[in-house]
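K.L.:
The structure under discussion is supplied below as structure tokens; questions concerning it will follow.
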Amino acid sequence: MRRLIAAALCLAIAAPASAQPDAPKPERDTEPELEPAPGADGGAGATREADRLFEEGRRLLDAGRAAEACPYFERSQELDPGRGTLINIAACYEAVGRLVDALRVFRDVQHQSEAAGDAPRQQTARRRIAEIEARIPHLTLEVATPRPPGFVITVDRAEVAVADWADVLVDPGMVEIVASAPGYRRFETTITIAADGSRASAQIPALPALAATDASTSPRRDRGRTRLGISIAGGGGVLVGGASVLALLARRSYHDALDDECGGDPDRCSAAGKDRTDRARTRGNIATAIGAVGLAAVAGGLYLWLTAPAEAEPLRSSQGVSLEPLPVDGGAGLALTGAF
């Protein structure tokens, strides 16, 4: 289906519309580059599924639901690759603000179209690349020296190579920058950049080395399991306490009934005395059951607590965290420094 649409589109471009009365009408007449291109050869079932996914992605994209459309195009591309599907993926990324990914995909389309001699799509890719390059923000990382071994900077959780520090392409909006190295305190900052080709710079200070006590570790039990064990044991303790009180009250009621109604001999109880002693025994049995459940809970909680796996965690006695203004060009930021 996607191949037939693409073929019909090419014929429509080459000849007058009146010569092609049976050609399918493109869904986006103003943006023919969003029509799919021929994909790679594959099984008929995979191709049909790729067509279905593609059409659903187009429906969502046309409805302004780009975030939902992107996964459909991506899956369609996996099943039956095609340059037209890639163009839709890039357009989808651009619509949701993922300009870095959109630029990367449009560049892939340009290279593939150039290799295949697909001039229309090559021109489309070049135009869209120019449009995104005019909008995409640029970030310069100004890194202080010396830099310790293992020093790494990530921007939006993606590691940035040293060669790219002078010009990092980023998506518009909030940008998270993290600098770290083993044995040194981590540096974090967040800046905001607009989607108008803005250029910003972020200063990365020298990372302070961790003190010996900071770098050392001490065993600490798994906090989630420890809390659960303590909670269960504590609840069991409450049950045991309540059962003890109930048992004492039941015992007192039993003896009061013996004295009042039975003359101290359970075999000589009146009907009222027998009823009172039976009720006291019932309360005593309930207290015993509650106490047993409480003891089991205490035992289970202690087991969870004492057998919780140990985890190594840095000692934090000399650690600190500070929030400081960060000078940036074209953006505003705060620097959160400390050991994490």
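K.L.:
Report the Cα centroid-to-centroid distance between the range 184-206 and the range 233-269 in angstrom, as an integer.
P.N.:
When both Cα centres are located, 72 Å separates them.
K.L.:
How do 283, 223, 83 line up, fewest other C-beta atoms within 10 Å first? Display every interim value, and only then the final one.
P.N.:
Details: 283 17, 223 11, 83 24.
Ordered by Cβ neighbours within 10 Å, fewest first: 223, 283, 83.
K.L.:
Test of understanding: ordering 184, 93 by Cβ neighbours within 10 Å, fewest first, what list do you get?
P.N.:
Fewest-to-most Cβ neighbours within 10 Å comes out as 184, 93.
K.L.:
Any idea what log10 I(q)/I(0) is at q = 0.19, 0.23 Å⁻¹ for the range 262-309, Debye with uniform C-alpha scatterers and no solvent?
P.N.:
Those come out to -0.68, -0.80, one per q.
K.L.:
Give me the number: length gained by fully extending residue 249 to residue 111, i.e. 0.36 nm times residue separation minus the C-alpha to C-alpha distance, one decimal in nm.
P.N.:
Length gained, residue 249 through residue 111: 40.9 nm.
K.L.:
OK, next. Could you work out the relative contact order of the range 217-313, using alpha carbon pairs under 8 angstrom and six or more residues apart, expressed as a whole percent?
P.N.:
56 percent
K.L.:
Order by neighbour count: 68, 159, fewest other Cβ atoms within 10 Å first, most last.
P.N.:
The most exposed by this proxy come first: 159, 68.
Readers should treat all values here as calculations from the given coordinates under stated rules, not as data from a laboratory. For clarity, every value in this text was computed on a predicted model and none was experimentally measured. So basically every Cβ, Gly included, is an ideal-geometry build from the backbone, and we count neighbours across all protein chains shown.
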